[in-house]
Amino acid sequence: MQALKKRLSEFLFPTESDAWLSILRIGLGFQITLYALSLRNDWNYLFAGAGGGLVNRDLAEALLSIESRFAPRLGWLVAVGAQVGLREETVLSILWICLLVAGCGLMAGIFSRTCAILAWFLHLCAAKSGGFTSYGVDNFMTIGLFYLMLSPLPDRYSLDWQFLKSQPEDSPFLGFWRRVLQLHLCATYFFSGLTKCLGSGWWDGSNIWRSLIRPPFNVIDPEMLVRWNYLFPVAGVLICLLEIGYPFFIWSDKTRKIWLICICVMHVSIGLTMGMYLFALIMIILNVAAFGPGLLFCKTELTRFQRTQPAIID
Amino acid sequence: MAWFGLHFLLIISFSLRDTLWLVTHGPTIFPSSFKSYSQKAEGVVSALLGQRLAASNPVRQALATYLHIAGIETGYGYFAPNVPGSYKLVFELHYPDGRIEYELPRVNSTAAGLRVAGLLDKIGRTPYDALRELLVKTLAQSIWRQHPEVKTIRAVFGATKLPSLSEFEHGKRESYDFLYAYDFSLREEPAEPEVVK
């Protein structure tokens, strides 16, 4: 039992470089910035309350309250703004600017923890208040930002580290949070692959065809797609195998590189052929942060923890 | 360590529950006799996750809050087990002079366009007629703000039928099935739905 506990502890708390954290921070900063910029012209329209927007935000928040009264939402911040005399439009615009600043702050690594918490909170508020218009990308952004804000920031590539020299001492948690992200991705792909395997359309390629011609993902002309029809069954089976095999093949040194590259190629393809750029980007960021360091990049042997230890001379 | 155990138990349980739901409700490679077993299993998992407790129950509320803030409140069955069709909403704008124009829900960017498509999917799939009507009504109101001179609006909601590959090769193209229609006027009257299922 003790041996098992020790092995589990070694697995969950490996000594780890903070390269993965740098990738996650910069990647999520980039993602948040793109998210904010992509919605700049529709932000107020998507998230306005009664009588102002596309869908009434108050309706989404009322439904959210049935599930959870304490899940963050934009309505709270609009109410705070109203207390100081700010109109809803003004509050929403300020929140958009704050989100953009948090994204840029994360990319640069200035006030990394504050920016991570701010980005997580504001994005979560937008995702929950825009519940009817949110989709998979919002879930994965929340997951990534949740782990990022709990991880031991700042990392050594951040400006915080360069200028403030604020070097935290909690290196064991670097490995722990990377493990959490890795295991979460394994669960995600396994269940995604499993549910796809249950549908006959993924085995004969018809689901690939339907995905590519289904509005609004019909980026490529179907007349052109028809010429490549022999590839659909191959692509369908490959996607099922890649996803369901992810938790089994991503851990082995022999198969990790090929699996990671294939998964990233799959997401790039989804981004290009279905126009889901933000979804593709967040998945690539999470994958590369979780399994990329030491594999796709030069392995950093020294951990931050080890570098900060005094040398012992006999 | 306890947090780690609980966190992953929740991720796996919710993913499992959603998988069982798909087996119960969707056409899958399993025989239909399997559906009753998956339905029972889904019920057990849901009960273990506190989903059968009253919505106001503090345990359920606390759990839901954690799931939302961690982003793990849903499973990961994207486009599974099969890719569903999409939905379309068209507004018929009736002007006082008898003129009729057609409008679609409009946004300014592709990124927001994807979100509107997701919204239409949610409207199409909701089992609650009142919620569907309310959502269509709020969308109609947004159109009304852009065209204040319009007298009445008829919202027509339909499902897109996608051709299979062989059908496409034989000349068949995307078509629409009429599902619901709602008439709205400026007066505060409830919509008059015309429903075809």
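Observations
- Cα centroid separation, segment A:1-69 to segment B:46-79: 17 Å.
- Remark: spin-label model distance B:L186-A:Q83 equals 4.0 nm, labels positioned 7 Å along the Cα→Cβ axis.
- Set of segment A:199-233 residues, backbone N closer than 19 Å to the point 7 Å along the Cα-Cβ line of A:V268: A:220
- Just checking the listed ones, A:I94, A:I26, A:I261: in the Gaussian network model of chain A with Cα springs under 10 Å, the one fluctuating most is A:I94.
- Here each label is just a point 7 Å from Cα along the line to Cβ, and for B:A54 and A:L12 those points are 3.6 nm apart.
- FRET efficiency, 1/(1 + (r/R0)^6) with R0 35 Å, evaluated for A:R69 and A:V234 via beta carbons: 0.10
- Rounded tilt (10° steps) of B:34-48 against the dominant C-alpha axis of chain B: 80
- Annotation: extensible slack from A:Q2 through A:D204 equals 67.8 nm (criterion: 0.36 nm per residue apart, minus Cα-Cα distance).
- Residue exposure proxy: A:S112, B:S175, A:S38, ordered by other Cβ atoms within 10 angstrom of their Cβ from fewest to most, comes out as B:S175, A:S38, A:S112.
- Per DSSP, loop chymotrypsin sites (Phe, Trp or Tyr not before Pro) in segment B:31-135 with at most 10 further Cβ within 10 Å: B:Y128
- Its alpha carbons give the protein assembly as shown an Rg and a Dmax of 24.4, 97 Å.
- Size descriptor, Kirkwood hydrodynamic radius, that averages inverse alpha-carbon separations across segment B:2-70, Å: 13.1
- Theoretical ellipticity at 222 nm over chain A - DSSP helices of four or more residues, -39500 (n - 2.57) apiece, nearest 500: -21500 deg cm²/dmol
- Relative contact order %, segment A:17-168, counting alpha carbon pairs below 8 Å whose residues are six or more apart: 31
- Stretch gain in nm, segment B:Y102-B:S33, where the contour uses 0.36 nm per residue and the Cα spacing is subtracted: 20.2 nm
- Among A:D138, A:D253, A:D58, the ranking by other beta carbons within 10 Å of each residue's beta carbon, starting with the fewest, stands as A:D253, A:D58, A:D138.
- Based on Cα contacts under 8 Å between residues 6+ apart, segment A:53-138 shows a relative contact order of 39 percent.
- Each 10 Å bin from zero up to the one holding the largest Cα-Cα distance in segment B:87-195 carries the following percent of pairs: 13, 41, 32, 11, 2.
- Estimated dipole of segment A:124-210 in Debye, rounded to 20 [Cβ of Lys and Arg +1, of Asp and Glu -1, Cα centre]: 160
- Loop-located trypsin sites (Lys or Arg not before Pro) in segment B:81-144, at most 12 other Cβ atoms within 10 Å (DSSP): B:R99
- Ordered by the count of other Cβ atoms within 10 Å of each Cβ, fewest first, B:I123, B:I12, A:I208 give B:I12, B:I123, A:I208.
- q = 0.09, 0.16 Å⁻¹: log10 I(q)/I(0) that the Debye formula gives for chain B, counting C-alpha atoms only: -0.52, -1.16
- Each of the GluC sites (Glu not before Pro) that DSSP puts in a loop and that has at most 15 other Cβ atoms within 10 Å breaks chain A; the longest unbroken stretch is A:1-168.
- C-alpha center-to-center spacing [segment A:93-154, segment B:140-190] in angstrom: 35
- With respect to chain B, whose longest principal axis is taken over its alpha-carbon atoms, helix B:58-70 is tilted by about 70°.
Every number here is computed from the coordinates shown, using simple stated rules; none is lab data. Quick caveat, the model's predicted, so the values are computed rather than measured. In this analysis, Cβ positions are derived from the backbone assuming ideal geometry, glycine residues included, and neighbour counts consider all displayed protein chains.
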